[in-house]
Structures are given as C-alpha cells and as structure tokens.
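What follows is a set of notes on a single structure, which appears directly below.
The values are calculated or read from the model by the stated rules, or taken from the named source; none is laboratory data. Nothing here was measured: the structure is a model prediction, and the numbers come from that model. Positions of Cβ are backbone-derived with ideal geometry, glycine not excepted, and every protein chain shown enters the neighbour counts. Keep in mind that these areas ignore ligands, DNA and RNA; they rest on the heavy atoms of the full protein, side chains included. Shrake-Rupley method; radii C 1.70, N 1.55, O 1.52, S 1.80 Å.
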Amino acid sequence: MKLFAKNATVARSRFWYFMKRLTRVKKANGQIISVNQIYEKTPTKVKNFGFWFRYESRTGTHNAYKEFREMSAEKAINHLYQNMAGLSRAKASAIQILKVSELAP
C-alpha cells in the first residue's frame, strides 16, 4: 500500500485507517514491518502524473481525478494539495489519494 503523508507517524496512522476500512484487521492483530520513502528514478525529467482521489467538502464526499506536470510525484502531490485548498477549500487531512500513475508523454 502506498500512502502519502508528512512523516512516518502520520503514514502509520493512515495505514491503519485504511486497513480498518478495507479488511477486518485491527492494530492488535497486525504489524507494520517497515515504512519507506519512495524516491524518483529520474528526478530531473518532467513527467505527467494522474491522481484519483476522494475528498470531503462542505456538501459531502466527492471522487475526483486531476493531472499535474511536475518533476516528481512528491511535488505533484504538493501541487494537488495546494490546488484543492485554493479551489474547493479542502484541507490536506480531508483528501485521500486513492491512486497515482505516471502518464505517458
């Protein structure tokens, strides 16, 4: 499972949040083996990224898809958070990134 979080503690918390929703596993019955940061293979190349995400707004929960052009997935995710904060007033904690894919040029 790939999660995007500020630090390892938030990543662990988000992991257990999604595990409770996906399967019937509690913290007492499971164990996180490792938390790793994923690095880009080619950080100097500009790429297109597509994001499928869910966010909570004032009116309810919405599924959405957006594309960004950035150097790395980390910068593209930052761009997504900034864009959603500006356009729909969605906080970073209200956004759940479901899938990230690098698009072909």
Inset, instruction - Report ARG21's accessible area, 1.4 Å probe, all protein chains in place, as a number in Å² to the nearest 10. - result: 150
Legend entry - Fraction of accessible area attributable to carbon and sulfur, the chain (%, probe 1.4 Å): 50
Legend entry - trypsin sites (Lys or Arg not before Pro) within the range 72-104: DSSP coil, no more than 15 neighbouring Cβ in 10 Å: ARG89, LYS91
Inset, instruction - Step through the residues of the range 17-33 one at a time and calculate ³J(HN,Hα) from phi using the Karplus curve (6.51 cos²θ - 1.76 cosθ + 1.60, θ = phi - 60°), rounding each to whole Hz and writing x for Gly and Pro. - result: 4, 6, 5, 5, 7, 7, 10, 8, 10, 9, 4, 5, 9, x, 8, 8, 7
Legend entry - Cα-centred dipole magnitude for the chain, charges only on beta-carbon of K, R (+1) and D, E (-1), debye, nearest 20: 440
Inset, instruction - Can you spot the lysines whose alpha carbon is less than 28 Å from LYS26's alpha carbon? Ignore those fewer than 8 places along the same chain. - result: LYS2, LYS6, LYS91, LYS99
Legend entry - Sites matching GluC sites (Glu not before Pro) across the range 37-74 that sit in DSSP coil, with at most 16 neighbouring C-beta atoms within 10 Å: GLU40
Inset, instruction - Compute the Cα gyration tensor for the chain, then decide on rounded, prolate or oblate, letting a ≥ b ≥ c be the square roots of its eigenvalues: rounded whenever a/c is under 1.5, prolate when a/b is larger than b/c in the other cases, and oblate in all that remain. - result: oblate
Inset, instruction - At 1.4 Å probe size, with every protein chain present, just tell me what the per residue accessible area of the range 1-58 comes to in Å². - result: 86
Inset, instruction - Find out how many positive minus negative residues lie around ALA90, taking Lys and Arg as positive, Asp and Glu as negative, among other residues whose Cβ is under 11 Å from that of ALA90. - result: +3
